[in-house]
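What follows is a single structure, written as structure tokens, with notes after it.
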Ligand code: ATP
């Protein structure tokens, strides 16, 4: 709970101020939405706890933005229900418009008003307060985002990261029940993205807001989300903590989304899949099933030739923290990709002994017959 909110509660000052809102829970039940023949939401079930940060992650066109728009009330579902704090805000015979849902929105392009100062931009949503109170609240919100000195400037004079923080201050100042963010960092260069992301996460945590963030970047989802909802073709295919999704992806495409993989085929026999890189446990797969061992590039180690499986380095690239190697192994069509710090002087043409760490191997049924 932030200092202003604590003060409000302590002084019983609430009626003259922005309504004090504690974080809301959000529930979606069988939510559907189509654009013509395209099913952008094809039956979404999702329950988000108050104060939780959930990232909607998935490839372009999978329906992330549509889901955010449905939660905000910008779109109306064709079936299913949406509940905010157990109140139905969208469903058969019920629809609460966006402005009554007490939701904060942050978009990729910040959507700041260019003709208003940063302070006026932040104060814009505080309609329930007197002008003086709204400006005082807005100033505090800017100061919390360490932008107080820019209050009287206009957005165009700020960097992209600063504009994003103004947009966040504007969204948080109304103390929304739920904060919805659509690709909030994708307009920033990679150097700035990390620091703005950290500041945003700290502000959201500090406000205690329930938050739904759309991103197509798995690393960003893992950094920001308490849980990640992995989406594909209008559905949530997996929901869980970042660690659960990374360690136990539900299928091969989900695994591919989080990590570049070396995929080696084989058939299940005796509960294991035999490959030129060794045999790996294939739990849950029937005998004779065609399967794929998906090996993370950091799970392959190269030792002196004569140990492990014989391989030959085709390429070595220095990438700073890690090295990247391509390694040929007999019986495998494509070179293995290895990402780890290799022994000094290990370059193209060197013979190596390849070892695979089973902790970095995932086994799935192969697609198709
Ligand atoms: P991106 O990461 O590219 O923003 P997304 O996962 O957010 O994609 P949506 O924008 O929700 O995906 O789109 C889901 C599907 O619905 C896509 O096939 C898209 O082309 C379609 N769609 C979205 N908005 C509209 C619209 N206004 N009219 C018609 N089709 C739309």
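Go through the residues of the stretch 42-50 one by one and say whether even a single one is within 12 Å of the ligand (Cβ to nearest atom) and either modelled with pLDDT under 95 or surrounded by fewer than 19 Cβ atoms within 10 Å (Cβ to Cβ) (or both). Yes, the stretch 42-50 contains a residue that is within 12 Å of the ligand (Cβ to nearest atom) and either modelled with pLDDT under 95 or surrounded by fewer than 19 Cβ atoms within 10 Å (Cβ to Cβ) (or both). Could we say that residue 34 is at pLDDT 95 or above and closer than 19 Å to residue 236 by Cβ here? Yes; evaluated as a whole, the condition is true for this residue. Just name the residue that is farthest from the ligand (Cβ to nearest atom) out of those in the stretch 149-187 that are under 16 Å from the mean Cα position of the chain (by Cα) and buried (at least 16 other Cβ atoms within 10 Å of the Cβ). The qualifying residue farthest from the ligand (Cβ to nearest atom) is 179. Conditions first: (1) away from the ligand (no atom under 16 Å from the Cβ); (2) under 23 Å from residue 214 (Cβ atoms); (3) assigned to a loop (DSSP other than H, G, I, E, B). Residue 111 passes all but one, so which condition is the exception? Condition not satisfied by residue 111: (1). Any residue that is more than 30 Å from residue 30 (Cα to Cα), at pLDDT below 85 and part of a helix (DSSP H, G or I) - is there at least one of those in the stretch 130-148? Scanning the stretch 130-148, I find at least one residue that is more than 30 Å from residue 30 (Cα to Cα), at pLDDT below 85 and part of a helix (DSSP H, G or I), so the answer is yes. Name the single residue that is farthest from the ligand (Cβ to nearest atom) among those in the stretch 201-249 being surrounded by 15 or more Cβ atoms within 10 Å (Cβ to Cβ) and part of a loop (DSSP other than H, G, I, E, B). Result: 208. Applying a threshold of 9 Å to beta carbon distances and a minimum spacing of six or more residues, or different chains, the list of pairs starting in the stretch 100-128 at a residue that is in contact (Cβ under 8 Å) with a residue 12 or more places away in the chain and at positive phi and ending at one that is in a loop (DSSP other than H, G, I, E, B) and surrounded by fewer than 20 Cβ atoms within 10 Å (Cβ to Cβ) reads 102/19; 102/21; 110/187.
Residue-by-condition table, conditions (1) more than 9 Å from the ligand (Cβ to nearest atom); (2) under 23 Å from residue 175 (Cβ atoms); (3) free of Cβ contacts under 8 Å to residues at least 60 places away in the same chain; (4) assigned to a loop (DSSP other than H, G, I, E, B):
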| residue | (1), (2), (3), (4) |
| --- | --- |
| 59 | no, no, no, yes |
| 62 | no, no, no, yes |
| 70 | yes, yes, yes, no |
| 75 | no, no, yes, yes |
| 82 | yes, yes, yes, no |
| 90 | yes, yes, yes, no |
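Checking the structure you have, find out if any residue of the stretch 182-194 is assigned to a helix (DSSP H, G or I) and in contact (Cβ under 8 Å) with a residue 40 or more places away in the chain. No.
The values are calculated or read from the model by the stated rules, or taken from the named source; none is laboratory data. What you are looking at is a predicted structure, and each value in this text was computed from that prediction instead of being measured. Every residue, glycine as well, gets a Cβ built from its backbone with ideal geometry; the counts of neighbours run over all protein chains shown.
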